[in-house]
C-alpha cells in the first residue's frame, strides 16, 4: 500500500512539474549540489606503457551524483583516450566517452543518459553519434504517470582542449560607473561548441537546447572565460547569452592537501561590452576586478571544490569534486541546461 501511494504521489508531482514548466519562475538559492569522484587510471603507474602514456583499454572513470532542484542524475562516465602508434602515428585505439547515468525526480527513477561520444584526430567530440552509430548519445525516458516515455538524441560537435600552445586573447567586462575591465589571457585553449544540441529531458517539458560559442581556457591561470556562448531553448528565437568566468583558485597548501576550487561568475543576458579603440589600448587592470563575483544579475555563482590526490608530477590521480552552485534569478530549465553542458564537457573541464 505504501509503495502504491508513493508511486501515485510521485506521478502527480511529475505531472505538476511538466505542466508548470511552460510558466517557469526564476529561482534563487542552491542550484546544483552533489559530488563527482574521478579516478584517473590513465595517469597511474601500472596503467601506463614504457613511454609514460596510458596503456590500451585503460580508461578514466567519473562517478556522478548531482542534484538540480528536484531532478537528480547519478551513475558513471568512462573516458578512454585516443591512442596512436609512436612510429607512423596511426590510430591504435579510438578515443571515446561512454555515458551511463540515471535520471530521477525526487528519487523516482525516470530514465537514463546513455551512449558513446567518439573523439577523432582533430580533437572533435562527435555528439552527433557518427563515431559509433550503434551507441548514439541520448536521453531515454520511461513512461511515468502522465509523462509519456521518449528518446531524444544529442547532436553537433564539441572541440576539446588541444595540446598545442594557443595565442593570446583580450576579454572585456563592464564595471560599475561605466568602466570596462580588460583581462588578457596570454596562452589560450578554447573549448568550442559547434551546433551542439543538448537532448531534451528528463521531463518532456525541458526541451532541447542548442549551444554555440566558446569557453576559453587560460593555461596560465587555470581559469575559463566565456566567448560568445549562446544557449537557445527549443522553440525560442532568442538565445540566452552567457558571459563571465569560471576562475581557478588553488589552496596555498595544494601541494600537500590537493585542494582547489572553481569560483563561478556566470551571467545570463547582460549587456555585452562592445570593444572600442580605448578598450583595446587600455592598460592592465586588477585581476580581482575582472573576476569579482556579481550576484546582482541573473546567473550562476558559488563554487566547485576539488580535493585531489596528486601524482609525483603534480597531476591528479584521484579527485573528489563537490558542487555548491548557486542560482541568482534563473529558471530551472536554464540551470538544468548548464548542468548538462558541464557533463558534456566533463573531460576537458577536468584535464590539466
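Structural remarks
- As a ratio to 2.2 N^0.38 Å, the alpha-carbon radius of gyration computed for the range 204-253 takes the value 1.53.
- Identified option (computed semi-axes √(5λ) of the Cα gyration tensor in Å; candidates [x] 43, 29, 21; [y] 31, 28, 20; [z] 61, 20, 19): [y]
- Neighbour counting of Cβ atoms within 10 Å sorts the residues 237, 136, 56, 174, fewest neighbours leading, into 237, 56, 174, 136.
- With both labels modelled 7 Å from their Cα along Cα-to-Cβ, the residue 194 to residue 269 distance reads 3.0 nm.
- Cα shape, the range 80-218, gyration tensor, a/c 1.5 rule: oblate
- 222 nm mean residue ellipticity, helices alone, for the chain (DSSP H n ≥ 4; -39,500 (n - 2.57); rounded to 500): -4000 deg cm²/dmol
- Residues 225, 73, sorted so that the one with the fewest Cβ neighbours within 10 Å comes first: 73, 225
- Arranged from fewest to most other beta-carbon atoms within 10 Å of their beta carbon, 87, 317 become 87, 317.
- For the range 290-352, the Rg and Dmax computed from alpha carbons only, in angstrom: 14.4, 44
- Whole-angstrom gap from the range 236-252 to the range 95-115, using each part's C-alpha centre: 25
- Stretching the chain fully between residue 249 and residue 90 yields a gain of 53.4 nm (0.36 nm per residue, less the alpha carbon separation).
- Summarising the label geometry, the points placed 7 Å from Cα in the beta-carbon direction at residue 170 and residue 100 lie 5.0 nm from one another.
Any read-out appearing in this document is the output of simple, stated calculations on the displayed coordinates, not a laboratory observation. What you are looking at is a predicted structure, and each value in this text was computed from that prediction instead of being measured. Glycine gets a Cβ as well: all are built from the backbone with ideal geometry, and neighbour counts include every protein chain shown.
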